[in-house]
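Chemist: Quick one: the structure is below, questions incoming.
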Amino acid sequence: MTPKNILNADLHCHSVVSDGTMTPEALAERAKTNGVELWALTDHDEISGQHRAAAAAKAQGLHYLTGTEISVTFAGETVHIVGLGFDPDDAAMKQGLYDTRGGREQRAMEMSDGLAKVGIKGAYEGALKFVGNPELISRTHFARFLVESGVCKETSEVFRKYLTEGKPGYVPHRWASLRDAVQWITSAKGLAVIAHPGRYKFTPNEEYALFTEFKLHGGQGVEVVTGSHTTQEYVKYAETAKEFGLAASRGSDFHSPDESHTDLGTLPYLPGDLTPVWALLEDRIQ
Ligand code: AMP
Ligand code: MN
Ligand code: MN
Ligand code: MN
């Protein structure tokens, strides 16, 4: 494959291995149907779907990069770091992600206790019905249970009313450090990317610190065109990419046909003056 800027690359989405509703195989098929040329499955804190995804991509005739999205705590906020093109059998990375997943069960039980206090009973058991990977119970699974049980109409309403800071089902959590997450990825010969920077509630100083420290630890990329950004944010983070000398990534963050507003492969192309992450990962494209 010749890496070029105008490429339908979708390097961010989720399967049942984390909080998506589709299997890696069904996602590969959907990506192909939607015209994706280069694909990566980026499950939260988990790479056990990578061999399946790579095989499914091959069966569909799609180019593939390994992927994950690591939960990180930075300046008291949760930040997501996408890893691309790493060795999916790297032992240190597997252990780091296993440790990162470790607190989810306890957190889920505390979330359930918080929801019980406002009259929503059985949320832990309810959320579990939606979980595809017992090591990866997430807020999304609680959101699906609250929609199913009629408490809210859609998952975004659940997050707004119950699952974000200050709300009854929110439990603060300490994830991996920025330094560790970037190191796991780079030591496994991958490229680290700041996911959807427009989503974080940082002051300009905090955001500057995030990009500066990320670079210092060896991070090389930032998502510019993502399902989480507005058109203005494409422009803003294209500038940030150039300011910090970072390569740019593109990904829908697709989770589910019923919930996601951006489908696989449907975003605008990256701006032409940016270096795409896939140009730095040429030898790792399968
Ligand atoms: P967790 O890793 O358990 O904290 O869950 C985070 C996931 O929740 C994200 O990856 C999204 O899939 C989902 N999420 C976060 N905020 C929202 C929101 N406002 N609306 C819908 N889904 C959300
Ligand atoms: Mn998610
Ligand atoms: Mn994310
Ligand atoms: Mn994501």
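Chemist: Checking the structure you have, find out if any residue of the stretch 186-202 is within 16 Å of ligand 3 (Cβ to nearest atom), surrounded by 15 or more Cβ atoms within 10 Å (Cβ to Cβ) and farther than 27 Å from A40 by Cα.
Modeler: Taking the stretch 186-202 first, the residues within 16 Å of ligand 3 (Cβ to nearest atom) are 192-202.
Next, from what is left, pick out any that are surrounded by 15 or more Cβ atoms within 10 Å (Cβ to Cβ): 192-200, 202.
After this cut, where a residue has to be farther than 27 Å from A40 by Cα as well, the list is 202.
Yes - at least one qualifying residue is present in the stretch 186-202.
Chemist: Is it true that some residue in the stretch 208-221 is over 27 Å from S256 (Cα atoms), more than 16 Å from ligand 1 (Cβ to nearest atom), of a type outside the set (V, I, T) and without any contact (Cβ under 8 Å) to a residue 12 or more places away in the chain?
Modeler: Let us first name the residues in the stretch 208-221 that are over 27 Å from S256 (Cα atoms), namely 208-220.
Checking which are more than 16 Å from ligand 1 (Cβ to nearest atom) leaves us with 208-220.
Okay, now just the ones that are also of a type outside the set (V, I, T), so 208-211, 213-220.
Next cut, without any contact (Cβ under 8 Å) to a residue 12 or more places away in the chain only: 208, 216.
Yes - at least one qualifying residue is present in the stretch 208-221.
Chemist: On to the next question. So the check is Cβ under 7 Å with 6+ separation or different chains; which pairs have a first residue in the stretch 177-191 that's aromatic (F, W, Y) and a second one that's open to solvent by 50 Å² or more (accessible area, probe 1.4 Å) and outside any strand (DSSP E or B)?
Modeler: W184/A92
Chemist: Name the residues in the stretch 113-142 that are within 13 Å of ligand 1 (Cβ to nearest atom) and touching a Phe, Trp or Tyr at 6+ places or on another chain (Cβ under 6 Å), would you?
Modeler: A127, H141
Chemist: Filter the stretch 46-88 down to residues that are acidic (D, E) and either under 16 Å from the mean Cα position of the chain (by Cα) or within 16 Å of ligand 1 (Cβ to nearest atom) (or both) and give me whichever is surrounded by the fewest Cβ atoms within 10 Å (Cβ to Cβ).
Modeler: Filtering the stretch 46-88 for residues that are acidic (D, E) and either under 16 Å from the mean Cα position of the chain (by Cα) or within 16 Å of ligand 1 (Cβ to nearest atom) (or both), the one surrounded by the fewest Cβ atoms within 10 Å (Cβ to Cβ) comes out as E77.
Chemist: Still on this structure, I have one more. Against the condition charged (D, E, K, R), more than 19 Å from R174 (Cα to Cα), assigned by TED's automatic domain parsing to the domain that holds L191 and part of a helix (DSSP H, G or I), how does K94 come out, does it pass?
Modeler: no
Chemist: Filter the stretch 147-170 for residues that are under 20 Å from the mean Cα position of the chain (by Cα) and part of a loop (DSSP other than H, G, I, E, B); which is surrounded by the fewest Cβ atoms within 10 Å (Cβ to Cβ)?
Modeler: Selected residue: E165.
Chemist: Ok, one more. Within the stretch 18-45, count every residue that is part of a loop (DSSP other than H, G, I, E, B), within 16 Å of ligand 1 (Cβ to nearest atom) and buried (at least 24 other Cβ atoms within 10 Å of the Cβ).
Modeler: The number of residues fulfilling the criteria is 8.
Chemist: Identify, please: which residue in the stretch 204-221 is open to solvent by less than 70 Å² (accessible area, probe 1.4 Å) and not in a helix (DSSP H, G or I) and is, among those, farthest from ligand 3 (Cβ to nearest atom)?
Modeler: Of everything passing the filter in the stretch 204-221, G218 is farthest from ligand 3 (Cβ to nearest atom).
The values are calculated or read from the model by the stated rules, or taken from the named source; none is laboratory data. Because the structure is predicted, anything quoted here is derived from the model rather than measured. FYI the Cβ positions are ideal-geometry reconstructions off the backbone, even for glycines, and counts take in every protein chain you see. These area figures cover heavy atoms from the full protein model, side chains too; ligands, DNA and RNA do not enter into them. Shrake-Rupley method; radii C 1.70, N 1.55, O 1.52, S 1.80 Å.
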